[in-house]
Amino acid sequence: MTKLLTAEQVARYRNDGFHFPVGVLSAAEARSYRNRLEEQERALGGPLSGNMRHKVHLLFTWANELARHPTILDAVEDVIGPDILCWSTTFFTKEARSPSFVSWHQDATYWGLSTDDVITAWVAFADAPVESGAMKFWPGSHLKKQIEHRDTFDMDNLLTRGQEIAVDVPAGEGVDVALKAGEMSLHHVLLAHGSGPNTTGDRRIGYAIRYIPPHVRQLKVRDSAMLVRGHDRHGNFDLEPGPRADLDAAALAAHRDAVERSAKALYAGTDRTQFRA
Ligand code: NI
């Protein structure tokens, strides 16, 4: 028995490497999450950047609440099983009429995780039509296993290293992932995906939540993650505490510790120790 997805949708996920759209929030709920993010941005004087774009669920109660949203977890459980760790969260925001883009890449490339049993839930905080620089997926590319990548460190590229796959995606093979505010897409950690610039007059705001089953191991560093459903019988990750209040001292300390570990893993082999702006 599946919890949310149909058996056919799960089978298609295994075959294509993705599934969308899944309705998670009503339009009004999505608006209220967006408002909470934008209140923080106003207080901080700009969009979340650098280390603050990552592991956001350790900083803000609303981001933690969303990482534990039962609808998201039901869909994730249908793919990876009932024991679920939230490994990371990241905002991928493209301002109105901005050149920011994401090159074609596979998420798994620098993450250091031992298996490809890793799923991303990408939740739209605002409508994400194709023209806003919606994601594009290359169906079935997760079955090609790891493809070689090169680092570009392009400043308009939202990825940690500006990494891109060293092969061309055949023309016409990308599937546009247009989403309405409150919908999510799900994708496999080896699925090649990318996205173009935002040519619309509104922001495109995506909250990417990465989930793993507890048997997965981090091969590069002693890493941390948050148990969001079921049990952890493996102890491969130090378990992270959720924030009690937005940006309180305990939340900031837990976030600093967790992000230092991720930066070490993701930037291994480079001279970087912090996430880029
Ligand atoms: Ni990605």
Length released on extending from R222 to M1, taking residue separation times 0.36 nm less the Cα-Cα span = 76.1 nm
Global geometry of segment 55-174, whether rounded, prolate or oblate, following the gyration tensor of its Cα atoms and the 1.5 cut on a/c | oblate
Taking the chain and counting helices only, DSSP H stretches of n ≥ 4 at -39,500 (n - 2.57) each over all residues, the nearest-500 ellipticity at 222 nm comes to -7500 deg cm²/dmol
For E95 and S32, calculate 0.36 nm times their separation in residues minus their Cα-Cα distance, and state this gained length in nm to one decimal.
-> 20.8 nm
Computed over the chain, the relative contact order (Cα-Cα under 8 Å, seq sep at least six) in percent reads 31
What nm distance separates the two modelled labels at R42 and T152, each placed 7 Å from Cα along Cα→Cβ?
-> 3.6
Pop the C-beta distance of H234 and V130 into the FRET formula with R0 = 45 Å and round what comes out to the nearest 0.05.
-> 0.65
Could you tally the net charge around G242, taking each other residue with its Cβ under 12 Å from the Cβ of G242, Lys/Arg +1 and Asp/Glu -1?
-> -1
Label S49 and R14 with points 7 Å out from Cα along Cα→Cβ: what is the distance between them in nm?
-> 4.5
By a straight-distance test (C-alpha under 29 Å), which lysines pair with K264 as possible cross-link partners, with residues fewer than eight away in the same chain excluded?
-> K55, K94, K136, K144, K145, K220
Give me the distance in nm between label points sitting 7 Å out from Cα along the Cα-to-Cβ direction at A249 and L143, one decimal.
-> 5.5
May I ask you to derive the relative contact order of segment 149-204, considering only C-alpha pairs under 8 Å and at least 6 residues apart, and to give it as an integer percent?
-> 20
HN-Hα couplings for segment 27-40 via Karplus (6.51, -1.76, 1.60; θ = phi - 60°), in whole Hz with x for Gly/Pro, come out as 4, 5, 5, 4, 4, 5, 5, 4, 4, 5, 4, 6, 4, 4
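Every read-out reported here was derived from the displayed coordinates using simple, explicitly stated rules and does not represent laboratory data. These figures come from a predicted structure and were not determined experimentally. Quick reminder, even Gly has a Cβ in these numbers, built from the backbone with ideal geometry, and neighbours come from all protein chains shown.
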